[in-house]
Ligand SMILES: Cc1ncc(COP(=O)(O)O)c(C=O)c1O
């Protein structure tokens, strides 16, 4: 029985939507992108969404909008995909890494200590689809002493008057806290529609705007649209309408628009969001109801808080009684029976690029400990109960077999 790690969800509706785009005579940014933006706004209860070609490019554009210089700092967790910190560097700022808490999201107690007069933004990461403690982060950035520390250097920073929260919601489309969508909990929320994500356009992302007054999110959406098209005031679709050729370029933008043919994939999927979530939850709960009986298994996202709704993107299991080497052996032995697993993540300070910038893993003990014991089980709607049980049976067997090997 073959179990891949994360195949995309491609059904006849996805194929029909893509075929419709291919046959329409228009394949780059146009009506499908508009429909996907609208569907995302509806799902996330957000006023203004702007599709782009990745989470990474969307986050870079959002940080460029805020304006960063090389003195400016942006707080990120040490335990995430490299893009979270890379976007900060690309936008001209300096990532300041903070350790995670036991729930694998940024430790809000450590965030406060990392804030300086140079801090301009925080990028919390909803790891595996589990939302960070946004209410607590909001409390920190709006507290009098932190607002006093804030030293704006651009018009948008001055207008905001405090540290911006830009959420890395690459994993968490649909997640909620207190029934509030993640897009309502930060200033800017960026989603990923990369091939392995809950909703995918093969490659893609979405910038969801929720900036407070005096910002006008609808007006800003227009600015983001223009800036994702090289600063050009009309997209190619608008320009090809009869006698509509004239345009202007108003600023130095990026070229990061999402093509319609990609948007079509995600559009067909997002219409089935409730069904896809229900199936993800089924897989997640089947893993948990079996693994809860094993002392060595730390189940993901065990929280006493009932007000948090996970998006069920990943199942990051932690196995307490093994070393990192033994974890790797488990991955290898499962691969030998055609079961694909993964690790989320190698902590950023362990990656060469960040080591060379001076970050040290010894400063992030929880991230390091989490990494050494972590193994991510496959989680997607197409997984059958039979496949899940086969995987669990093998995982338990392989664990028992490697745990005494040094
Ligand atoms: C936590 C996290 N942030 C950001 C990204 C980057 O997303 P994209 O590939 O759409 O740029 C990923 C992608 O895997 C991710 O897992």
Q: May I ask you to say which residue of 98, 18, 74 is in the same structural domain as residue 121 (by TED's automatic domain parsing), away from the ligand (no atom under 16 Å from the Cβ) and farther than 20 Å from residue 313 by Cα?
A: 18
Q. Looking at residue 359, is it outside the structural domain of residue 103 (by TED's automatic domain parsing), in contact with a helix residue (DSSP H, G or I) (Cβ under 7 Å, 6 or more places away or on another chain) and at positive phi?
A. no
Q: Pick out the one residue from 267, 348 that is more than 16 Å from the ligand (Cβ to nearest atom), modelled with pLDDT of 95 or more and touching a helix residue (DSSP H, G or I) at 6+ places or on another chain (Cβ under 6 Å).
A: 267
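This table checks each residue for (1) surrounded by fewer than 22 Cβ atoms within 10 Å (Cβ to Cβ); (2) within 17 Å of residue 30 (Cβ to Cβ); (3) in contact with a helix residue (DSSP H, G or I) (Cβ under 6 Å, 6 or more places away or on another chain); (4) modelled with pLDDT of 95 or more.
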| residue | (1), (2), (3), (4) |
| --- | --- |
| 181 | no, no, yes, yes |
| 212 | yes, no, no, yes |
| 215 | yes, no, no, yes |
| 250 | yes, no, no, no |
Q | Single residue of region 183-197 satisfying the filter (within 13 Å of the ligand (Cβ to nearest atom) and buried (at least 24 other Cβ atoms within 10 Å of the Cβ)) that is nearest to residue 275 (Cα to Cα) | A | 197
Q: Give just the number: which of (1) out of contact with any helix residue (DSSP H, G or I) (no Cβ under 8 Å at 6 or more places or on another chain); (2) surrounded by fewer than 21 Cβ atoms within 10 Å (Cβ to Cβ) does residue 370 not satisfy?
A: (2)
Q: Scan 80, 56, 116 and give me the residue that is surrounded by fewer than 22 Cβ atoms within 10 Å (Cβ to Cβ) and either within 14 Å of the ligand (Cβ to nearest atom) or free of Cβ contacts under 8 Å to residues at least 60 places away in the same chain (or both).
A: 116
(Q) Taking the conditions exactly as written (away from the ligand (no atom under 16 Å from the Cβ) and within 20 Å of residue 210 (Cα to Cα)), does residue 111 satisfy them or not? (A) no
Q: Would you mind stating whether residue 182 is under 22 Å from residue 219 (Cβ atoms) and assigned by TED's automatic domain parsing to the domain that holds residue 46?
A: no
(Q) With the condition being surrounded by 16 or more Cβ atoms within 10 Å (Cβ to Cβ), I'd like the helices (runs of 4 or more DSSP H) fully within region 257-357 carrying at least 3 qualifying residues. (A) 260-270, 273-291, 324-336
Q) Looking only at region 156-187, which residues are in a helix (DSSP H, G or I) and either under 21 Å from residue 85 (Cβ atoms) or free of Cβ contacts under 8 Å to residues at least 12 places away in the same chain (or both)? A) 157, 158, 182
Q) Looking at this structure, is residue 68 touching a strand residue (DSSP E or B) at 6+ places or on another chain (Cβ under 9 Å), assigned by TED's automatic domain parsing to the domain that holds residue 254 and assigned to a loop (DSSP other than H, G, I, E, B)? A) yes
Q. What about residue 89, is it farther than 17 Å from residue 365 by Cβ and without any contact (Cβ under 8 Å) to a residue 12 or more places away in the chain?
A. yes
Q) Since residue 104 meets every condition but one in (1) assigned to a loop (DSSP other than H, G, I, E, B); (2) more than 16 Å from the ligand (Cβ to nearest atom), which condition does it not meet? A) (2)
Q. Considering only region 198-242, how many residues are part of a loop (DSSP other than H, G, I, E, B) and within 16 Å of the ligand (Cβ to nearest atom)?
A. 8
**Q.** Residue within region 103-111 that is touching a strand residue (DSSP E or B) at 6+ places or on another chain (Cβ under 9 Å) and touching a residue at least 60 places away in the same chain (Cβ under 8 Å) present
**A.** yes
Q: Tell me which of these residue 328 doesn't satisfy, since it passes every other one: (1) without any contact (Cβ under 8 Å) to a residue 40 or more places away in the chain; (2) more than 21 Å from the chain's Cα centre (by Cα); (3) within 16 Å of residue 129 (Cβ to Cβ).
A: (3)
(Q) Let me confirm something: among 51, 39, 85, which residue is farther than 23 Å from residue 238 by Cβ and either at pLDDT 95 or above or outside any helix (DSSP H, G or I) (or both)? (A) 85
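The values are calculated or read from the model by the stated rules, or taken from the named source; none is laboratory data. Model, not experiment: these values are computed from the prediction. Note: ideal-geometry Cβ built from the backbone for every residue, glycine included; neighbour counts use all protein chains shown.
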